[in-house]
Amino acid sequence: MFRLSQSLRLLHINVVLLRHGLDEVIVATKLFRPLRFFLYLAPWHWYRRALPAYPVRVRLALEELGPIFIKFGQLLSTRVDLLPEELAVELARLQDRVPPFPGPVARGLIEKAWGVPVESVLDEFQEIPLASASIAQVHSGRLKNGQAVIVKVLRPNIERIIRRDVDLMLAFAHLAQRYWPDGRRLRPVEVVREYEKTIFDELNLQREAANASQLRRNFKHSQMLYIPEVFWDWTRPNVMVMERIYGTPVSQVEQLKAQGISMRLLGTRGVEIFFTQVFRDNFFHADMHPGNIFVEETGRYISVDFGIVGSLTKEDQRYLAENLLAFFRRDYRRVAELHVESGWVPRGTRVEEFESAIRTVCEPIFERPLSEISFGGFLVNLFQTARRFDMEIQPQLVLLEKTLLNIEGLGRQLYPQLDLWTTAKPFMERWMREQIGPRMLARRFAHNWPAIAERLPDIPVAVNRIIDQLEHQAALYPEGGSRGLTGLTSQIKTNHARTTATLTALALAGLATALILIPPPSTPIPLLAPGAAIAMLVTSVLILWRHLLAPRER
């Protein structure tokens, strides 16, 4: 049941919709559908003032309802294939035209965070905001050393406002999970909890600054993407100071074309940046709507607003990579097997039936340009298919799916002829080769070697302790089982020798591989490292032959 505050908020939402002439949105819900007839009897239906066009009314209603609804509108604005063009264009205005709060209020918040007057840090500070978003707004300024910067400051009382709406979403999610037939499979409570964590992380500007610094390191010296510098001395939980960037908003396609920038290059780079962040770095910018992306005259992207980032577990990353690669190769059998192996569908699922269902959904969209593919429609069909097999929604993948939809919307604006599959497939194949190649093996061995080396000396002691315990048991109970215990002890000793030999051989082989792939910077004798590596490899082979492969006497 809704609390009083939540009921009042729900009432307020409906009042806002009515005020902006969006009665049809209310009566379209299942709860109010029986009351549709009374709509025609309402006084405001017959004596209504002149209202703006429908798309404008939707935008104004979302702005009045607050940050959660504004972000929802921002996401929808990238889906020009799912919305009428006029509505998508109007919702795009939510990305940088949210009404600002007063400049003097922003100055007061900044000075309170810094503990000193603005003039003691900045030579210039513009109280008129450069941009205003749903959670924060941005002011331009200049540091004492002449560096042009932006100062981002959170809106006052924003945490209380967001908490109110998130609690309302959670109340609806609990009801949906309890009474909706698909509630268990779609896991709405977990999805809202994941969104709650994401949006409250966005309220900490120090976290956003750390995200920006990480992305900047990941793309240092990159010709594809530039991340502005953070000035940590003046960054606080509710204030962030960052290098000011200059570029053309990515949504201004005609202006980009006038600058001679290749739309095909931009589209291809956008896809490559996404897959690089997800798979190479496992750290991706998850709020890549057009309002957060600019383009330099050279064609390099500039990204801003890093409040929402995502990452995957190693297991999800690998399963996702193998799934995508199997999709690109049209290996639907492998896609079905991966879904079962990962637990995304129940273990008892018949792989042949799931494979056939996936083929039916995916086959029609291959080898088509982006302009002819609707990922929205594709995902709807895929989820409808997955429902038959009781597939559960993975909350940890929601951010990734949102980002992929943003990338598609961006690609559709820039270069509709882009073939997403052809562009992504070589990258995925290269990444998979790197994950299982000898260089990655050497890196992983070098990374895990300290833990292995720490435990390796303890293995003989542990095995000897087990043998002593077994021999002690045999001495206590000489009858009935001593022969079995003696045989077991002998077998343990043999296995212990083999295990020790195998670990030693693997250690030598790993060190040899590291010497070959990652040689030391300099050696007194040029052939010392290769010679040592060959000697280690030969020794490891001899050890394996002696203890594991050589024929044994009976």
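The table for this structure:
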| item | result |
| --- | --- |
| Extension gain, Arg163 back to Thr360 (0.36 nm per residue minus Cα-Cα distance, nm) | 66.7 nm |
| Residue among Gln277, Trp232, Asn157 farthest towards the positive dipole end of segment 147-278, charges placed on Cβ | Gln277 |
| Backbone HN-Hα couplings from phi across segment 101-117 [Karplus 6.51/-1.76/1.60, Hz, Gly and Pro as x] | 9, x, x, x, 5, 4, 4, x, 5, 5, 5, 5, 5, 7, x, 9, x |
| ³J(HN,Hα), Karplus 6.51/-1.76/1.60, whole Hz, each residue of segment 323-338, x for Gly, Pro | 4, 4, 5, 5, 4, 4, 8, 6, 8, 5, 4, 5, 4, 5, 4, 5 |
| Distance between modelled label sites at Glu401 and Gln214, nm, 7 Å Cα→Cβ extension | 2.3 nm |
| Radius ratio Rg over Rh of segment 151-288, counting only Cα atoms, Kirkwood formula for Rh | 1.06 |
| Gain on full stretching of the segment that runs from Val105 to Arg330 - 0.36 nm per residue minus C-alpha separation | 75.3 nm |
| Efficiency of FRET between Leu542 and Gln255 - r from beta-carbon atoms, R0 60 angstrom, step 0.05 | 0.30 |
| Placed amide H near Asp305: partners under 5 Å, 5+ positions off or other chain | none |
| Prolate/oblate/rounded call for segment 214-337, Cα gyration tensor, a/c under 1.5 rounded | oblate |
| Ranking by accessible area, most exposed first, for Thr423, Thr276, Thr360 with a 1.4 Å probe | Thr360, Thr423, Thr276 |
| Violating pairs (Cα-Cα greater than 26 angstrom) within the set Lys152/Lys220; Lys314/Lys425; Lys152/Lys197; Lys144/Lys257; Lys71/Lys197; Lys71/Lys220 | Lys144/Lys257; Lys71/Lys220 |
| Contour excess over end-to-end distance, with Cα ends at Glu272 and Asp233 and 0.36 nm allotted per residue | 10.7 nm |
| 5 angstrom amide H check on Leu130, placed H, neighbours 5+ away | Val138, His139, Ser140 |
| Cα→Cβ-extended label distance, 7 Å offset, between Glu127 and Ile466, nm | 7.6 nm |
| Separation of the Leu10 and Ile245 label points, Cα + 7 Å toward Cβ, nm | 4.2 nm |
| Cα-based shape type of segment 272-318, given that a ≥ b ≥ c are square roots of the gyration tensor eigenvalues and the cut on a/c is 1.5 | oblate |
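The values are calculated or read from the model by the stated rules, or taken from the named source; none is laboratory data. The structure presented is a predicted model; accordingly, all values stated were derived computationally and were not measured. So basically every Cβ, Gly included, is an ideal-geometry build from the backbone, and we count neighbours across all protein chains shown. Note: areas computed on protein heavy atoms with side chains; ligands, DNA, RNA excluded. Shrake-Rupley method; radii C 1.70, N 1.55, O 1.52, S 1.80 Å.
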